[in-house]
Amino acid sequence: MDIIIRRTPDEVGAYAADCIEPFARQGATIGLATGSTPNPTYKELIRRHREEGLSFANCKAFLLDEYYGLPRDHEQSYYSTIRREFTGSIDIPDAAVASPNGEAEDPHSAAASYDHAIRHAGGVDIQILGIGANGHIAFNEPTSSLRSRTRLIDLHPRTIEDNARFFDSADEVPRQALSQGIGTILEARHLVLIATGPAKANAVQALVEGPLSASCPASALQLHNAATVVVDESAAELLSDAETYKDFDPYWR
Ligand code: GLP
């Protein structure tokens, strides 16, 4: 893993945007994450699109996950969120942005067909990831198999509580989600996980320095040969050896 530590969330966003830009230029398949952490990255990519002509017109995108049981046009569905925060402000065709079908009658076959669609498209070239305070990636909660595929997942009470800020109350947060599995995510050719703020410090420490364990699903990045973890100083504050991690640019940049 390459660990990159930056001072602020905006600097983290700029670094992550630098990682994604060359892939956009190649018309790559980009894996997108929702949540608030990637927003500075998306803002910076939108700026580069508007001011520097960075085009995503030949790209495809796959979302990591979607709430199950929330209508697609609900403002908190990830389908709506990614359009509002990112893809609606760049030139990627709307039809090229795929997400799991959170309204499917049969969630298990919707999950399997989403997993198949990613493979059929040739896989994800670069995947953006956030991390939950409990170490989850996408919606792979602790105890998720490190080889799991896209599937229906029961959300952890901590995740429901954390995501309640996007809804009027915790009661409105869906209890389930369709999420790419850890095995699915590990098939992406490059991974860029971003984390900012002190609430992520424990999870970042477990991801970087803890054992490989389903208790911290993000630790699965230790198995990937092109994973970059970009954090701000407060998310890095529990790393025991942060000084030595600083500023080793990933080999592929
Ligand atoms: C959600 C998403 C994850 C995201 C996590 C952290 O549960 N499914 O993909 O990484 O929240 O979100 P935030 O960046 O808002 O802290």
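The values are calculated or read from the model by the stated rules, or taken from the named source; none is laboratory data. In this text the structure is predicted, and so the values were computed from the model without any measurement. Here the Cβ positions follow ideal geometry from the backbone for every residue, glycine too, while neighbour counts run over all protein chains shown. Protein only, heavy atoms only, side chains kept; ligands, DNA and RNA dropped before computing areas. Shrake-Rupley method; radii C 1.70, N 1.55, O 1.52, S 1.80 Å.
List of remarks:
- Residues of the stretch 234-250 that are modelled with pLDDT under 95 and under 21 Å from the mean Cα position of the chain (by Cα): D249, P250.
- The set of residues in the stretch 133-170 that are hydroxyl-bearing (S, T, Y) and more than 9 Å from the ligand (Cβ to nearest atom) comprises T143, S144, S145, S148, T150, S169.
- Inside the stretch 11-26, residues that are open to solvent by 50 Å² or more (accessible area, probe 1.4 Å) and either aliphatic (A, V, I, L, M) or within 15 Å of the ligand (Cβ to nearest atom) (or both) make up a count of 0.
Rundown of residues vs (1) more than 19 Å from the chain's Cα centre (by Cα); (2) open to solvent by 20 Å² or more (accessible area, probe 1.4 Å); (3) farther than 30 Å from H108 by Cβ; (4) within 16 Å of the ligand (Cβ to nearest atom), yes/no style:
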{"position": "G181", "(1), (2), (3), (4)": "no, no, no, yes"}
{"position": "T184", "(1), (2), (3), (4)": "no, no, no, yes"}
{"position": "P198", "(1), (2), (3), (4)": "no, yes, yes, yes"}
{"position": "A201", "(1), (2), (3), (4)": "no, no, yes, yes"}
{"position": "A214", "(1), (2), (3), (4)": "no, yes, no, no"}
{"position": "P217", "(1), (2), (3), (4)": "no, no, no, yes"}
{"position": "A220", "(1), (2), (3), (4)": "no, no, no, yes"}
{"position": "V231", "(1), (2), (3), (4)": "no, no, yes, yes"}
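- Residue check for R158: among the charged types (D, E, K, R), open to solvent by 10 Å² or more (accessible area, probe 1.4 Å) and without any contact (Cβ under 8 Å) to a residue 24 or more places away in the chain: no
- Total residues in the stretch 27-59 satisfying the condition of being more than 16 Å from the ligand (Cβ to nearest atom), touching a residue at least 40 places away in the same chain (Cβ under 8 Å) and not hydrophobic (A, V, I, L, M, F, W, C): the figure is 2.
- Within the stretch 223-239, residues that are touching a residue at least 40 places away in the same chain (Cβ under 8 Å) and farther than 27 Å from D125 by Cβ have Cβ atoms under 7 Å from residues that are of a type in the set (K, R) and open to solvent by 20 Å² or more (accessible area, probe 1.4 Å) in these pairs: E233/R7, counting only partners at least 6 apart in sequence or on another chain.
- In the stretch 109-132, the residue that is surrounded by the fewest Cβ atoms within 10 Å (Cβ to Cβ) out of those that are more than 16 Å from R189 (Cα to Cα) and within 16 Å of the ligand (Cβ to nearest atom) is G130.
- For A188: the one exception among (1) open to solvent by less than 20 Å² (accessible area, probe 1.4 Å); (2) near the ligand (Cβ under 9 Å from one of its atoms): (2)
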